[in-house]
Amino acid sequence: MPDLRVSLVQGETAWHDPDANRERYGALIAPLAGQTDLVVLPETFTSGFSNDALASAEGMDGPTVAWIREQAATLGAVVTGSVQIRAGEGVYNRLLWATPDGELHTYDKRHLFRMAREHERYAAGRDRITVELKGWRVCPLVCYDLRFPVFVRNRFGVESPGRFDYDLALFVANWPSPRRYAWQTLLRARAIENLSCVVGVNRVGTDGNGVGYSGDSVALDFLGQPLVELDDQVRVATVTFSAEALAAHRERFPAQLDADRFELL
């Protein structure tokens, strides 16, 4: 694998204003054209984390899906982040993964945050996905998924002989500042225990419910050591993950050979 450039886009999402957010995030990522391989936006980046925005949830034929595809083509990079998407009878917190050549993959958030009644108003996804980018296997997840290590577990030799499920786990989030210690700690734990690089991208500012967000977006290596850490301001940062260093660590410390096998129901 070659090295992988990943851009963390930590923005202040406007409350219930998709047009403003597409313009706002579009301006933040425009300078990244030709400079990165993967652009990561926060969770629900067109609306903020809101149960009240369900009525205006878009379909897959809506403007945000078209926008993210256009951004990927313009930047020459994958663009990902989650939005509220209506599909059938339900609304999903759906992560979109748009590639420069027009492909679109999706992941529906499995773990819905019951403390905010997300589980009562949104439909839950079931299976995680793995997507390939420049030979890297990437597992994109959403916010509350971070608290469930069994679901996030990086198995070895299951999806492909002699390979890990993924090389990079990424979490897009609206993670409130009162729980920032959990965010910081769990991201590091997921990197260490899974012998994987990890990216977490959170938002900043205060939402329409008065909930504050301290950002703390981060890119971590396989030891849980930060390659870049952001503060509580609007920031865009690009980091390069070393494929050689990741492979050397896995060779030097093959904990995957002692891992328990299990079936996720």
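Within the set 66, 87, the sole residue that is of a type in the set (A, V, I, L, M, F, W, C) and out of contact with any Lys or Arg (no Cβ under 9 Å at 6 or more places or on another chain) turns out to be 66. Considering only residues in the stretch 80-100 that are assigned to a strand (DSSP E or B) and out of contact with any Asp or Glu (no Cβ under 9 Å at 6 or more places or on another chain), the one that is surrounded by the fewest Cβ atoms within 10 Å (Cβ to Cβ) turns out to be 90.
So that you can scan it fast, the table gives a plain yes or no per residue for (1) in contact with a strand residue (DSSP E or B) (Cβ under 8 Å, 6 or more places away or on another chain); (2) of a type in the set (A, V, I, L, M); (3) buried (at least 17 other Cβ atoms within 10 Å of the Cβ):
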| site | (1), (2), (3) |
| --- | --- |
| 129 | yes, yes, no |
| 135 | no, no, no |
| 144 | no, no, yes |
| 148 | no, no, no |
| 154 | yes, no, yes |
| 158 | no, yes, no |
| 166 | yes, no, yes |
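If you go through the stretch 101-148 and pick out every residue that is assigned to a helix (DSSP H, G or I), in contact (Cβ under 8 Å) with a residue 40 or more places away in the chain and either touching a His at 6+ places or on another chain (Cβ under 6 Å) or within 29 Å of residue 77 (Cα to Cα) (or both), you end up with 2.
Screening the stretch 157-177 for residues that are among the hydrophobic types (A, V, I, L, M, F, W, C), modelled with pLDDT of 95 or more and part of a loop (DSSP other than H, G, I, E, B) and picking the one that is nearest to residue 222 (Cα to Cα) gives 173. Among residues of the stretch 5-30 that are without any contact (Cβ under 8 Å) to a residue 12 or more places away in the chain, those with a beta-carbon under 6 Å from a residue that is in a loop (DSSP other than H, G, I, E, B) and buried (at least 16 other Cβ atoms within 10 Å of the Cβ) at least six positions away or on a different chain give the pairs 20/14. Which residue, of 78, 65, 91, is touching a residue at least 40 places away in the same chain (Cβ under 8 Å) and not hydroxyl-bearing (Ser, Thr, Tyr)? On inspection, the qualifying residue turns out to be 78. From the set of residues in the stretch 25-75 that are farther than 12 Å from residue 85 by Cβ, assigned to a loop (DSSP other than H, G, I, E, B) and among the hydroxyl-bearing types (Ser, Thr, Tyr), which is modelled with the lowest pLDDT? Among those residues, the one meeting the criterion is 50. With the condition kept exactly as written, say whether any residue in the stretch 195-210 is out of contact with any Leu (no Cβ under 6 Å at 6 or more places or on another chain), closer than 24 Å to residue 132 by Cβ and touching a residue at least 24 places away in the same chain (Cβ under 8 Å). Yes; the residues of the stretch 195-210 include at least one that is out of contact with any Leu (no Cβ under 6 Å at 6 or more places or on another chain), closer than 24 Å to residue 132 by Cβ and touching a residue at least 24 places away in the same chain (Cβ under 8 Å). Being of a type outside the set (Phe, Trp, Tyr), touching a Phe, Trp or Tyr at 6+ places or on another chain (Cβ under 6 Å), within 17 Å of residue 13 (Cβ to Cβ) and surrounded by 14 or more Cβ atoms within 10 Å (Cβ to Cβ) is a property that does not hold for residue 68.
Restricted to the stretch 49-65, and to residues there that are more than 17 Å from the chain's Cα centre (by Cα) and among the aliphatic types (A, V, I, L, M), the residue that is nearest to residue 12 (Cα to Cα) is 53. Residues that are more than 17 Å from the chain's Cα centre (by Cα), at negative phi and among the hydrophobic types (A, V, I, L, M, F, W, C) occur at least once in the stretch 187-200.
The values are calculated or read from the model by the stated rules, or taken from the named source; none is laboratory data. Keep in mind that what you see is a predicted model, and the values were worked out from it rather than measured. Positions of Cβ are backbone-derived with ideal geometry, glycine not excepted, and every protein chain shown enters the neighbour counts.
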